[in-house]
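Everything below concerns the one structure shown next.
Derivation of every value follows stated rules applied to the coordinates shown; laboratory data play no part. In this text, all values refer to a predicted model and were calculated from it rather than measured experimentally. Cβ coordinates were reconstructed from backbone atoms using ideal geometry, including for glycine residues, and neighbour counts include every protein chain displayed.
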Amino acid sequence: MSEGRDKRVRRKVRRSYVISTISIALVLFMLGAVSYVALSAVTAASTLRDSVVLSVEVADSLSQERHGELRRTIERMEGCEGVAFMSKHEKLHDEAFRRQFEVDLDLLLEENPLYDSYEVTLSNSLSTSEEVTAFVEEVEMMEGVEYVAVPPVDIIEKMHTTITRVSIALVIFVGVLLFISMVLLNNTIRLAIYSKRYLINTMKLVGATKWYIMRPLLASALKQGIIAGIIAGAMLSGIVYGAEIFTPEGITMLALREVGIILGGLIAIGVIITVCFSAIAVNKFVNMKSNKIYLY
């Protein structure tokens with residue numbers, strides 16, 4: 001009779017362990033998925049922010065020495081992220097450029113009417129129309145510069161403002177979700193430890209020390225955190241793999257290194273949270289008087 005009751009107790013404890021592990025894995029998966037989406041959005045926003053390019057066209061009469069000086073001068077300017085040279089011959093045969101015309105310029109004209117240019121990528125520090133305008137005016141005053149082609153500065157300013165707001169909103173959203181996840185995980189782990197309160201009390205009654213009681217439970221929590229993190233990581237990996245295959249062309253996914261950091265973070269968070277919350281819950285029942293455990 002006693003043996004049958006012990007089996008039922010062990011079966012309930014095992015079922016509680018499995019349910020709590022799955023619950024932790026689901027919460028970690030939700031946290032990982034939102035983190036992935038938020039990081040993807042921030043990465044895309046950063047890429048978009050760094051995509052503002054000026055085309056600095058230079059005179060044909062400019063010497064090679066002056067070319068080098070001009071490029072180095074632009075690269076040293078505050079707000080310059082990078083400089084790439086593009087010759088007029090490369091422009092003439094560039095597919096994106098040729099699509100702007102209904103006929104081939106090299107067939108219509110006897111000579112190439114274009115200019116060599118430096119494609120200047122602006123950094124994030126130039127976020128207002130005044131800063132971009134000042135940068136352009138300084139470049140236009142340089143010797144050998146014929147023309148500076150720049151996107152509308154008001155659009156650049158609006159883009160930076162929008163990206164900043166979206167980034168702040170994403171950070172707040174992830175922070176709120178992290179708080180909710182902590183609350184859910186804490187309740188889940190507390191319920192799992194709650195199912196073992198009679199076992200903890202029995203060990204106390206036979207004279208077991210506090211650390212002797214906590215050690216196997218914390219080891220179990222460590223194992224549970226690793227398993228839950230692996231399950232959440234496997235689920236997230238499947239979602240990411242499917243997204244890589246079925247997303248439309250042009251949508252940039254995170255690099256493998258960044259995905260690996262998120263997956264490793266899920267396991268680390270799972271371990272830290274389960275061990276810490278389990279220690280708090282176990283410590284509560286260890287310090288609780290026996291008569292209160294039966295009334296709890």
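Between Glu119 and Glu65, residue separation times 0.36 nm minus the direct Cα-Cα distance comes to 17.6 nm.
Work out how much length Ala219 to Arg76 would gain on full extension: take 0.36 nm times their residue separation and subtract the Cα-Cα distance, in nm to one decimal.
Once the chain is fully extended between Ala219 and Arg76, it gains 45.8 nm.
Remark: the range 80-86, residue by residue, has Karplus-estimated 3J(HN,Hα) of 8, 8, x, 10, 10, 8, 9 Hz, where x stands for each Gly or Pro and the curve is 6.51 cos²θ - 1.76 cosθ + 1.60 at θ = phi - 60°. Here the simple spin-label model places points 7 Å from the Cα toward Cβ, and for Glu137 and Ser55 these points are separated by 2.4 nm.
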